[in-house]
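Here's the structure, in structure tokens; my notes come after.
The numbers here are math on the coordinates, done by the rules we state, and not lab data. Nothing here was measured: the structure is a model prediction, and the numbers come from that model. Cβ sites come from the backbone with ideal geometry, for glycine too, and all protein chains shown count toward neighbours.
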Amino acid sequence: MTSDGAPLSCTVRTSANIALVKYWGKRDSDLILPLNDSVSLNIDALNADTTIVASSEFLADSVEVNGKKYDCGENTRFYRVFQAVRKLLESRESSASSRLHFEVVSTTNFPVASGLASSAAGFAAIAYGMKTLFGFSQDEASRLARLGSGSAVRSLDGGLVRWRRGTRADGIDSVAEQLFPASHWPSLRALIFVANDQEKKDGSTKGMQMTVETSSLLQERVAGVDEAINSLTQAFAAKDFSKLAELVMKDSDNFHACCLDTKPPLPYLNDTSRLIIDLVHRFNSRKSEPGQKNEKQPEALGAAYTFDAGPNACIYIEEATMCEFLKFVTKHLRFSPGAKAKIQEILGEDVETLLDAPLILDLIYSTVGGEPQILAHQMS
Ligand code: DP6
């Protein structure tokens, strides 16, 4: 290890995750312990490449994300994560290691803090990098990630991941667990419609605290989450997309109802988001128009929307339905030249350009992501 002060370094690629049953509300704000369990899928196309260098020669910690330097002073989340690493190392009686400082440089391939879970990918990378450098366990990595951002815990594994709220006051049992690897459902896709790529006004941390303090609806939500997760896990096991879609949209709607029940309300969705919600329902019910369905059997749902604390839509869909869905939405939405080019590539045909429709700035097309990857690792 670094008894001679030489740096250790490691570069990790982690994916952002988008929850199917969302985390909203903390039972302990300092330790970032959630009020309810949550479940998410990693989004392969949304990733952060993060290099962590540890050295006892550094005088202070430093963090840079997409070229922007972040404060690592006391009371910041970065500081808490780095202090927790130093404490863990101290408990192993490794005195040189406890004097270590860290330099983190991260690049994301998507806009930071616009409701696309960038902090999850970033803090998961730091935690996974520390695990790699110092041989921490997966549960220790879970706890480090959680001190950075709750949802980061779920990016430490691939596929469908459940973050358990845990019941202990010290949060030791509030860790992530993989329910199914990404390979379980290879035809599952995510389409992210970026309606806004600016930093949001009320981030998740502040927003969820306001909801906890002022919404009575939240208690009802929290009470129903375990049942929703159990049903979702069963639907996922059986690869029952229609059931999955029903549960995912129900959770998103319920979460945004709690946001609107907050005082003052948190209107994370915008007109474009609401149009996309309407389009998904129209797409799903189009499939059950007379003549297209067996009247006795309700027709299966083909697409599901979910929205985090922002206006960007994540549509979960199966590969076989995706082209039909894209053709449908291009009749109602306007796409930037970049987003349009991506759709044309997926469809293999030109799409018409609408002049008078809400604009989608970017389209992200993804398979389900796996666990973090080590891109480089140097033990000097
Ligand atoms: C709506 O994990 O960003 O995306 O723990 O305060 O950092 P902190 O919050 P954060 O909240 C995520 C909220 C969400 C739902 C989810 O990802 O489960």
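Residues that are assigned to a loop (DSSP other than H, G, I, E, B) and either over 17 Å from the mean Cα position of the chain (by Cα) or under 20 Å from R189 (Cβ atoms) (or both) within the stretch 23-62 comprise S29, D30, L31, L35, S56, E57, F58, L59, A60, D61, listed in sequence order. For the stretch 319-335, does any single residue satisfy the condition of being crowded, with 18+ Cβ neighbours inside 10 Å, touching a residue at least 24 places away in the same chain (Cβ under 8 Å) and assigned to a strand (DSSP E or B)? Yes, there is a match, as at least one residue in the stretch 319-335 is crowded, with 18+ Cβ neighbours inside 10 Å, touching a residue at least 24 places away in the same chain (Cβ under 8 Å) and assigned to a strand (DSSP E or B).
Among the residues of the stretch 31-50, is there at least one that is surrounded by fewer than 24 Cβ atoms within 10 Å (Cβ to Cβ), more than 16 Å from the ligand (Cβ to nearest atom) and among the β-branched types (V, I, T)? Scanning the stretch 31-50, I find no residue that is surrounded by fewer than 24 Cβ atoms within 10 Å (Cβ to Cβ), more than 16 Å from the ligand (Cβ to nearest atom) and among the β-branched types (V, I, T), so the answer is no. Summed over the stretch 339-375, residues that are crowded, with 19+ Cβ neighbours inside 10 Å and without any contact (Cβ under 8 Å) to a residue 12 or more places away in the chain total 0. Tally the residues that are among the acidic types (D, E) and in contact (Cβ under 8 Å) with a residue 24 or more places away in the chain, restricting the search to the stretch 221-250. Summing the residues that are among the acidic types (D, E) and in contact (Cβ under 8 Å) with a residue 24 or more places away in the chain in the stretch 221-250 gives 2. For the stretch 5-20, the tally of residues that are assigned to a strand (DSSP E or B) and more than 8 Å from the ligand (Cβ to nearest atom) stands at 10.
Residues being in a helix (DSSP H, G or I) and either among the hydroxyl-bearing types (S, T, Y) or free of Cβ contacts under 8 Å to residues at least 40 places away in the same chain (or both): count how many of those fall in the stretch 251-271. Show your work before the answer.
Taking the stretch 251-271 first, the residues in a helix (DSSP H, G or I) are 251-260, 271.
Checking the rest, the ones that are also either among the hydroxyl-bearing types (S, T, Y) or free of Cβ contacts under 8 Å to residues at least 40 places away in the same chain (or both) come to 252-254, 260.
Total meeting the criteria: 4.
When you go through G171, G150, G135, G203 one by one, which is the residue that is within 16 Å of the ligand (Cβ to nearest atom), on the phi > 0 side of the Ramachandran plot and either touching a helix residue (DSSP H, G or I) at 6+ places or on another chain (Cβ under 9 Å) or of a type outside the set (V, I, T) (or both)? Walk me through it before giving the result.
Working: G150 fails: on the phi > 0 side of the Ramachandran plot; G135 fails: within 16 Å of the ligand (Cβ to nearest atom); G203 fails: on the phi > 0 side of the Ramachandran plot.
None of the other options fit; the residue is G171.
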